[in-house]
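Accompanying notes for the structure given below.
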Amino acid sequence: MSLLSLRRMAGIAVLSIFSLVFVGETFAAQTVKVEGLIKGRSGDRMILKTSQAPNLVVILTDETDVAQVQGVLKARRKDMSMAALIPGLAVKVEGTYNDQQQVVAKTVRFKGDDLQRAQAIQAGMHETQVQTQENKAELEAQSKALQQQETNIAANKASIDANIARFGQLDDYYIMDEVTVYFGNGKVDVDSKYDSQLNALAEKAKSVNGYMIEVKGYASATGSVALNQKLSEDRAQNVTSILLQQAKVPLTRMLAPGAMGESEQVGNEKTEEGQAQNRRVVVRVLQNKAIAGV
C-alpha cells in the first residue's frame, strides 16, 4: 500500500473520530422534556418518577425557572421558589442531559391543584405513618382475641395496606429534630425567646445528610375557620422567615410552609391551656430515606 493511501486512510479516521465526538456533544446538548412525580428532594437534586424511568435525577441550578401555570388554557404563569418542589408534586421539566445522564433543569412547571394535593400529602405523612402502625398493632391483637371479628379486621387491614401503597416513599423519612413555637391568641409574631432554639435547630440540621426542614402552622378553634386558617399561614411564614434570614437556612433545604388551620388539635379546646397548646408552629428536621440511600 502506497504512502499516499496510508495518509488518506489516516485522514478519514481522524475525521470519523471528530464526527463521533461532535454527534455525542450535540446529543448531550439536545433539549429534553419530561413529566413525572417528585419522589424526593435533597438540596439542588430531585428524584423524579416518570413513565420511562423510576428514579430520574433532576439537577436544579440558580438559573432554573420554577413557575405555577394558571388559567383554563394554562397560558399564565406565576413565579415560584424552589421550596414549592416537594415530594408528591407532579411536574413538567425541560432541560438538557449532563454527562451522567441527569437532567439539568432549565424550567420546572406545575399546576396549583397539584401543589395543593402534594402539600396535603406532606402535611399528613407523619400522622398517617404513626396511625398506620398503631392500626396494624391493634388489628393483630384483635385477630388473636376476637376471632368473630375476622371480617371487620380484614376490611380494616385492606384499608391500611391501601394507604401504604398510596403514600409509598412519601412518608418514608426520619424526624431528626423538632422545635415547637407557641403564639398568643390572635398573634402571629414570633417571640424572640424562640430565636436561639430555631438557630440551634438549623445548626444541628447541617450535620444531617440530605436534610430538609418542614414548617407547619396551626391555630386554636377559637374564632372563624377562615381567620384561623390565615393565622396558621402567617405564623408558619414568620417562622420560615427567621430560619431563612437569621439562621441562614438555604432556600433549597426548605419545604413549602404548611398552613394547617384548626386541624390536628393537641390540646383541649374547652380550656385556655388547651387552646394555647394548639396555637403553634412545628418545625422539623427531616431526612428522606430514599434520598439518604441514593
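What follows is calculated from the coordinates using simple rules that are stated; it is not laboratory data. Computed from a prediction, not measured in an experiment: that's the story for all the values here. Cβ coordinates were reconstructed from backbone atoms using ideal geometry, including for glycine residues, and neighbour counts include every protein chain displayed.
Contact annotation: residue pairs with Cβ atoms under 8 Å, 6 or more positions apart or on different chains, pairing a residue in region 234-263 that is closer than 13 Å to residue 194 by Cβ with a partner that is in a loop (DSSP other than H, G, I, E, B) and of a type in the set (Ser, Thr, Tyr), are 235/218.
In summary, strands (runs of 3 or more DSSP E) completely within region 52-120 and bearing 3 or more residues that are free of Cβ contacts under 8 Å to residues at least 40 places away in the same chain and touching a strand residue (DSSP E or B) at 6+ places or on another chain (Cβ under 9 Å) occur at 76-79.
When the residues of region 233-280 are narrowed to those that are within 30 Å of residue 62 (Cα to Cα), hydroxyl-bearing (Ser, Thr, Tyr) and out of contact with any Pro (no Cβ under 6 Å at 6 or more places or on another chain), which ends up surrounded by the most Cβ atoms within 10 Å (Cβ to Cβ)?
Among those that are within 30 Å of residue 62 (Cα to Cα), hydroxyl-bearing (Ser, Thr, Tyr) and out of contact with any Pro (no Cβ under 6 Å at 6 or more places or on another chain), it is 252.
Total residues in region 47-89 satisfying the condition of being surrounded by 16 or more Cβ atoms within 10 Å (Cβ to Cβ) and under 20 Å from residue 258 (Cα atoms): the figure is 11.
Scanning region 191-212 for residues that are closer than 24 Å to residue 276 by Cα and either in contact (Cβ under 8 Å) with a residue 60 or more places away in the chain or in a strand (DSSP E or B) (or both) gives 198, 201.
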